[in-house]
Amino acid sequence: MYNRLSFRCMKILVIEDEHKIARSIKRGFEQESWLCDTAFDGENGYDLASTGDYDLIILDLMLPKIPGLEVCKKIRNDGLMTPILILTAKGEIDDKVKGFNLGADDYLVKPFAFEELLVRVRALVRRPEQIINSKLQISNLELDTSSKEVKQNNNIIQLSRKEYQLLEYLIKNKNRVVSKEEIISHVWDYDSDILPNTVEVFIKYLRNKIGKKYIKTIRGFGYKL
């Protein structure tokens, strides 16, 4: 699944009022080990988009409360340059033109195959450093974002998906103190019922597997790799 290109653990927002479609997309992204938040109307979607740190926004046009094109316009007016992929059942040319004029980056018409959506998403978030630097390393600990393997002294360490996502986030922010709130925001979905002590539990799990020397607790602030 991961041998074609290397992508970090991404966080994607799906704004789609058809619950079945939104949840299906969410499940598909989770199979890629990506985080995915969902919103079922334009108002909630805009609130999440403007406050969350997302790598990509998938935006339906036909939304209750605030139409998709208006959400797109508001996001761009706020100065947010997060890639936006418009998703809609309507295939008219002028809808596409309006979307692109408002700052959308791509357009996909329903119904669609998830594989096609995946290709579009990867194209939108692709960055040279994501492709080339698939291996992250600190001391004798190596994380491969392509194979999703973690090795220590060339020995594979078995991590759960959430442990892997936590370690990847910490390595990408090595030498910087990250708070529990930052970790929750980047490693768990928005609607996950997570408490700060949950982070402590997973930090303990990681320390037990990779060794205690890597992750330092900065009391009152968070953790530092």
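Only a single item in (1) buried (at least 16 other Cβ atoms within 10 Å of the Cβ); (2) modelled with pLDDT of 90 or more; (3) touching an Asp or Glu at 6+ places or on another chain (Cβ under 9 Å) is not met by residue 72, and it is number (3). Any residue at all in the range 86-98 that's on the phi < 0 side of the Ramachandran plot and at pLDDT 90 or above? Yes.
Each row is one residue, and each column tells you yes or no for (1) surrounded by 16 or more Cβ atoms within 10 Å (Cβ to Cβ); (2) in the same structural domain as residue 50 (by TED's automatic domain parsing); (3) among the hydroxyl-bearing types (Ser, Thr, Tyr).
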{"site": "142", "(1), (2), (3)": "yes, no, no"}
{"site": "157", "(1), (2), (3)": "yes, no, no"}
{"site": "163", "(1), (2), (3)": "yes, no, no"}
{"site": "169", "(1), (2), (3)": "yes, no, yes"}
{"site": "188", "(1), (2), (3)": "yes, no, no"}
{"site": "202", "(1), (2), (3)": "yes, no, no"}
{"site": "209", "(1), (2), (3)": "no, no, no"}
{"site": "214", "(1), (2), (3)": "yes, no, yes"}
{"site": "218", "(1), (2), (3)": "no, no, no"}
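Rundown of residues vs (1) assigned to a helix (DSSP H, G or I); (2) loosely packed, with under 15 Cβ neighbours inside 10 Å; (3) of a type in the set (A, V, I, L, M); (4) at pLDDT below 85, yes/no style:
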| position | (1), (2), (3), (4) |
| --- | --- |
| 59 | no, no, yes, no |
| 79 | no, yes, no, yes |
| 104 | no, no, yes, no |
| 115 | yes, yes, no, no |
| 120 | yes, no, no, no |
| 124 | yes, no, yes, no |
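Residue selection: residue 184 fails the criterion of being in contact with a helix residue (DSSP H, G or I) (Cβ under 7 Å, 6 or more places away or on another chain), at pLDDT below 90, outside any helix (DSSP H, G or I) and not basic (Lys, Arg). Going through 102, 87, 63 one at a time, which residue ends up being touching a residue at least 12 places away in the same chain (Cβ under 8 Å), more than 25 Å from residue 20 (Cβ to Cβ), among the aliphatic types (A, V, I, L, M) and out of contact with any Ser or Thr (no Cβ under 9 Å at 6 or more places or on another chain)? Just one listed residue meets the conditions, 102.
Name the residue, out of 44, 3, that is surrounded by fewer than 22 Cβ atoms within 10 Å (Cβ to Cβ), at pLDDT 95 or above and outside any strand (DSSP E or B).
Numbers: 3 fails: at pLDDT 95 or above.
One residue alone meets the criteria, 44.
The values are calculated or read from the model by the stated rules, or taken from the named source; none is laboratory data. Worth saying up front: this structure is predicted, and the values here are computed from it rather than measured. Heads up, the Cβs are rebuilt from the backbone with ideal geometry, glycines too, and the neighbour counts pull from every protein chain shown.
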